[in-house]
Structure formats: C-alpha cells, structure tokens
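A.B. asks: Next up is a structure, given as structure tokens.
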Amino acid sequence: MDAPDTTTEAHADTRLSSAQDLPDYAPIPRPALGPALNEQGYYVGRVERNLYWVTDGTYQSAFLTTKDGVVLLDAPPTIGHNIQRAVDEIAAANGVSNRVTHLVYSHHHADHVGASSLFDGTVARIGHEETRRLLLRDDDPARPAPEETFQDGRTLEIGGERIELSWHGSNHSPDNIFIHLPDHDTLMLVDIVNPGWAPVYLSNLTEDVPGYVAAPSTALTYPWKHFIGGHMGRLGTRDDIALHQRYMADIADHARKALDTVDPTPYFIKYGENTWAAVRGYLDAVTAAAATPVIEQYTGVLAAADVFTASTTFHVMQSIRLDLGYGSQVHP
C-alpha cells in the first residue's frame, strides 16, 4: 500500500502558520469600500450620462462613449482585458459603438497605462509631452508612447463631447495631469487622493511631495461633483478631497513638531562612528513621534491609516527638511 501523500497538508499547515504570524490591522470602514465585483473581477458603472468607470477594487479606469467611438482614460494592467469587456457591456446595453478610438494617459506609470498595448495602432494616444518623453525613455512595449501631446493644456472635442486636459506642474510624477469633463461634472486626477483610504507607501509613491500636497487645492478650483482617483473601489467626492487635505496637513504639522523636539544626541552617542545608524535611529524616532498621533486620529476614518501613515510621514518629514529647509542649521 502506498504511503499517504501529506505534501498538500504540510503546505497548508505552513501557509496557515505564516498567516497567523502576520500583523493585524484595524477593520476597514465600510464607506471606504466600493460596489461588489462581477464574476470576471470588475465593476462598471455610470458616472454621469455617457461617462463610465471601471474598477477591480484596487485600480480604476474610465471611458466616454461618443457617436464616433469610445474615449478611454487610462488602461491599468490589473483590469486588463476587463476594460474592453466593460466597454462591450455598456455598448451593448446602450446600442453604441464599442470601438476604442482614443486613449488618454493620465501619466506614464505602468500600473495605470500598462494595458494600453491591448488597443491597436489605430487608437489615437494622447498625453502630456513629458509622458511621451518618459515612455520613449522606458521603451516598454506594453506602453506605446502617445503620438498626440500637449504642454500646459488641451481641449479634446471628440464625437460631440468635451474633455479638458491640464498640466499644473509636477505632483505625483512629473507628467501627471488633470482630466476634467465639465459636461459630466467629473474630475479625474490619478494617484493623489484615494477616496476613503490613506495614501499607500510614501505619499502614493510620489516623486514631488510639495506638488503632491498642493494638487488637491488645485483640484478643488475645478467645478465637479464626481472624482475618479485611479485607485480603490469607489468614486470620490469633494469631501474626500477635503479629508485627505486635513490628513496630510496633520502629518506635516506633527512632523514639524517632532523635528523641533526629538533630540538626536543619544543616537550619535550610542552609535559613534556608525553615522548612518545614528541617522536612522534619529529619523525613525522623529517619524514615530509624528506618525503616532495621526494614526490614532485617523484610524477608523481613513482605511489603512494604521498601515501606511508612518511611511507617508517619513516621506513628508523628509520633504519638509530637504525641499522646504525646515530645521536646517548652518554650522557656526
């Protein structure tokens, strides 16, 4: 008689043990979650009139149906082929064309436009001039560079619909743009505010913290009701933008206080010649002092505030030191 195969059971036990060793986090506030996904792993819904959005619960895309075809706004690879399935679903229901004729890039990052190659060469690709430069540099076949570019602003008139594209300077990335659909009461601004959620690592992996912090104020100068942030499972509101602003302002305020009060001396005494160990100890202490009260304040208010606030606090604190010069002292 063959010996019983215990390999699968052993692997299951290992996975269970590993899962039990992982940290616990605060429950997700229910308002942070979006609608349920279908069996294919996506949700598509109407934003307003003929503007629709698609999500897989973590990433978002949007599209506009017109009499001349479909205008797609971003193509995240995690949604991938479900983008066309969502377009097909809406087109069939409304008796309109499902052919994607235009693809607008919010910025060059692969996690938001890495499925753009799924759409053939007849699609007109549109983006900021810096998006084109960066994609030509990166030479990624999954992200063909946009052929049509602009510098500060461009208004698209496609199939009787209007889309306003604007660049207000570097923020999350050097090329990240504002996509305003005035006739649909909607603003799309990717990787700045995650409605209902704290930013992921390092202020949403932002390259320009002062630009990132300023972007929500610029967003609120536009007239809109619906916000497409590019991430998570639901649309945003103006209240979501205001909450994000308060969160970031509280991080900055506590970072300044921590820089003013945490004494670096013990770390340099302790580690002597190991300067980097002393620097790490000091900056970790500043980060902890600044992040702790923010985590306490926003846990249960913003989803994952307990998960990522420390990372964003470190990023903001470093920007305050290095970009703004706060606390910088000249040796006598």
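A.B. asks: Take every Cα pair under 8 Å in the chain that's 6+ residues apart, average their separations, divide by the length, and report that relative contact order as a whole percent. If you can, show how the numbers build up before the last one.
C.D. replies: Numbers: 614 pairs, mean separation 50.7, N = 332.
After rounding, I find 15 percent.
A.B. asks: Take peptides 272-282, 120-130, 225-235 and line them up by average Cβ neighbours within 10 Å, highest first, as a rough protection proxy. Write out the running numbers ahead of the final one.
C.D. replies: On the way: 272-282: 12.9, 120-130: 17.5, 225-235: 22.2.
Packing proxy ranking, top to bottom: 225-235, 120-130, 272-282.
A.B. asks: On to the next question. Given a 10 angstrom Cα cut-off, can you work out which residue in Gly95, Gly300, Gly34 is the most mobile in a GNM of the chain?
C.D. replies: Gly95
A.B. asks: How large is the helix-only mean residue ellipticity at 222 nm for the chain, computed as the sum of -39500 (n - 2.57) over DSSP H runs with n ≥ 4, divided by its residue count, in deg cm²/dmol to the nearest 500?
C.D. replies: -12500 deg cm²/dmol
A.B. asks: Can you divide the C-alpha Rg of the chain by 2.2 N^0.38 Å and report the result to two decimal places?
C.D. replies: Compared with the compact-globule rule of thumb, the chain sits at 1.15.
A.B. asks: Here's a follow-up. If the elastic network links every pair of Cα atoms under 10 Å, which of Pro144, Pro23, Pro77 fluctuates the most in the Gaussian network model of the chain?
C.D. replies: In the Gaussian network model the winner is Pro23.
A.B. asks: May I pose another question? May I ask you to give the solvent-accessible area per residue for the chain, in square angstrom, as obtained with a 1.4 angstrom probe?
C.D. replies: Details: 16100 Å² over 332 residues.
Accessible surface, normalised per residue, equals 48 Å².
A.B. asks: According to a simple spin-label model (label point 7 Å from Cα along Cα-to-Cβ), what is the distance in nm between Gln297 and Ala110?
C.D. replies: So the label points at Ala110 and Gln297 sit 3.7 nm apart.
A.B. asks: Related question: Could you tell me how far the Cα centroid of the stretch 137-206 sits from the Cα centroid of the stretch 45-99, in Å?
C.D. replies: Spelled out, the Cα-based centre of one part sits 17 Å from the other.
A.B. asks: Let me ask something else about it. Classify the stretch 91-161 from the C-alpha gyration tensor, please: rounded if a/c falls under 1.5, else prolate or oblate depending on whether a/b exceeds b/c.
C.D. replies: Judged from the Cα gyration tensor, the stretch 91-161 comes out oblate (a/c at least 1.5, b/c at or above a/b).
A.B. asks: Using a 7 Å offset from the Cα along the Cα-to-Cβ direction at both Thr122 and Lys225, what is the distance between the two label points in nm, to one decimal?
C.D. replies: With each label point 7 Å from Cα toward Cβ, the separation is 3.6 nm.
A.B. asks: Roll a 1.4 angstrom probe over the protein heavy atoms and tell me the percent of accessible area of the chain that is carbon or sulfur. Before the final figure, lay out each step's value.
C.D. replies: Working: 8520 of 16100 Å².
The C+S portion of the solvent-accessible surface of the chain is 53 percent.
A.B. asks: Report for the chain the percent antiparallel among DSSP-assigned beta bridges with both residues inside it, nearest 5.
C.D. replies: 70
A.B. asks: Go ahead and collect, in residue order, the members of the stretch 222-264 whose backbone nitrogen is under 11 Å from a label point 7 Å along the Cα-Cβ direction of Glu164.
C.D. replies: Once the point is set 7 Å along Cα→Cβ of Glu164, 222-224 turn out to lie under 11 Å by backbone N, inside the stretch 222-264.
A.B. asks: Once every Cα of the stretch 208-332 carries one equal point scatterer and solvent is ignored, give the base-10 log of I(q)/I(0) from the Debye formula at q = 0.18 Å⁻¹, two decimals.
C.D. replies: -1.01
A.B. asks: What net charge is computed for the residues neighbouring Ala145, neighbours being all others with C-beta under 10 Å from the C-beta of Ala145, Lys and Arg scored +1, Asp and Glu -1? Let's see the in-between values first.
C.D. replies: Working: positive: Arg125, Arg132, Arg133, Arg137, Arg143; negative: Asp138, Asp139, Asp140, Glu147.
Residues near Ala145 contribute +1 overall.
A.B. asks: Shifting gears a bit: Amide H to amide H under 5 Å from His226: which residues, 5+ apart in sequence or cross-chain, H placed 1.01 Å off N in plane?
C.D. replies: It is Thr186, Leu187, by chain and number.
A.B. asks: Now for a different question. Excluding Asp306 itself, what net charge comes from residues whose Cβ is under 15 Å from its Cβ, given Lys and Arg +1 and Asp and Glu -1? Don't skip to the answer; put the middle values down first.
C.D. replies: Values: positive: none; negative: Asp24, Asp250, Glu296.
So the environment of Asp306 carries a net charge of -3.
The values are calculated or read from the model by the stated rules, or taken from the named source; none is laboratory data. Everything quoted here is computed from the prediction, not taken from an experiment. Reconstructed Cβ throughout: ideal geometry from the backbone, glycine too, with neighbour counts over all protein chains shown. When the accessible area is computed, the model is the full protein with side chains, heavy atoms only, and any ligands, DNA or RNA have been set aside. Shrake-Rupley method; radii C 1.70, N 1.55, O 1.52, S 1.80 Å.
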